[in-house]
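Computed from the coordinates by the stated procedures, all read-outs in this text should not be read as laboratory data. What you see is a predicted model; the values in this text were computed from it and never measured. Positions of Cβ are generated from backbone atoms using ideal geometry, with glycine treated the same way; all protein chains shown enter the neighbour counts.
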Amino acid sequence: MPESIIRLENINFAYDSKVVLKNVNLEINRGTFMGLVGPNGGGKTTIIKILLGLIEPDSGKVFINNQPINKFKDWNKIGFVSQKANTFNKGFPATVFEVVSMGLTAKLGYLKFLNKKAKQQVLHAINQVGMSEYAYRNIGDLSGGQQQRVFIARALVSEPDILILDEPTVGIDFKNVERFYELLHKLNTEQNITMLLITHDTGAMTNYATNIVCLNQTLHFHGRSEEYSALSTEDLSRIYGHPVQVIVHDHD
């Protein structure tokens, strides 16, 4: 029987009088690679903020590992990777190793030195994303795609059960976007890390995700990626509220 890792029940949220989420029910099972798609302003980032405990819903319940979110304490089991390619400070004076080690801050504290085990964890996370040869390179010298791999390593170093990613491929060229998705697919299939990925790239999602959720205030679709692929452009345009053209990626 599938094991639930995240469950949202009847979630409602509004900024002042503007409704953003309306009666959202969603369950994510362990090992799922879920793509979260939908129009701008449809509530995708708000859902992420609720899952990370940054804001509370106006009504409804949130469960993580079958615990109410207000009782959940093991936050190092949730990794988060945000948009950063367009805003990262290229002059930030830190090596890849130092950036990834920041992912252990919650466990070790800001002023604690890394012991041997922690250093091995950092190097292992860097190796997981294929960046070992850059471990002691300044992160500002890397490409956008390489930097995002480093930020995934920072999220992985605490050995999370789930990775939540908010439009992580913004500003990355197409070739590196493909490699980025392949990395996520590998982490999902080989290490059983659950993925929740916000993206506008619906074509890529149908190639890599196991499940798709389409959110526009309410859930308009929740099912297998092949079922989402079968939706007509008319169906998608109705969901998004404007004409939609799906771009299919050819991996050959």
Name the long-range amide H neighbours of Gly223: under 5 Å, sequence gap of 5 or more, or other chain; modelled H, no Pro or chain starts.
Ile212
What's the magnitude of the charge dipole for segment 120-179 around its Cα centre, counting Lys and Arg as +1 and Asp and Glu as -1 at the beta-carbon? Answer in Debye, nearest 20.
180
Which of Phe80, Phe97, Phe72 moves most in a GNM of the chain, Cα contacts under 10 Å?
Phe72
If I stretch the segment between Arg30 and Glu227 completely, what's the gain in nm (0.36 nm per residue apart, minus their alpha carbon distance), one decimal?
68.9 nm
Antiparallel %, DSSP beta bridges [both residues in the chain], to 5
55
Once fully extended, how much extra length lies between His185 and Lys73, figured as 0.36 nm per residue of separation less the alpha-carbon to alpha-carbon distance?
37.6 nm
Please give, to one decimal in nm, the separation of the simple spin-label points placed at Lys116 and Tyr15, each 7 Å out from Cα toward the Cβ.
5.1
At 0.36 nm per residue, and after removing the present C-alpha to C-alpha distance, how many nm does the segment from Arg137 to Asn40 gain when stretched out fully?
31.3 nm
Listed residues Ile239, Pro93, Ile152: farthest to the positive end of the dipole of the chain (Cβ charges):
Pro93
For Val96, Val19, Val170, which order do you get if you count the other beta carbons within 10 Å of each Cβ and list the fewest first?
Val19, Val170, Val96
Just the number: Rg to Rh for segment 4-240, Cα atoms, Kirkwood Rh, two decimals.
0.97
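Charges only on Cβ, +1 for Lys and Arg, -1 for Asp and Glu: so what's the dipole of segment 1-158 about the Cα centre, in debye to the nearest 20? Before the final figure, lay out each step's value.
Values: 20 positive and 10 negative charges, 80 e Å.
Here the size comes out at about 380 debye.
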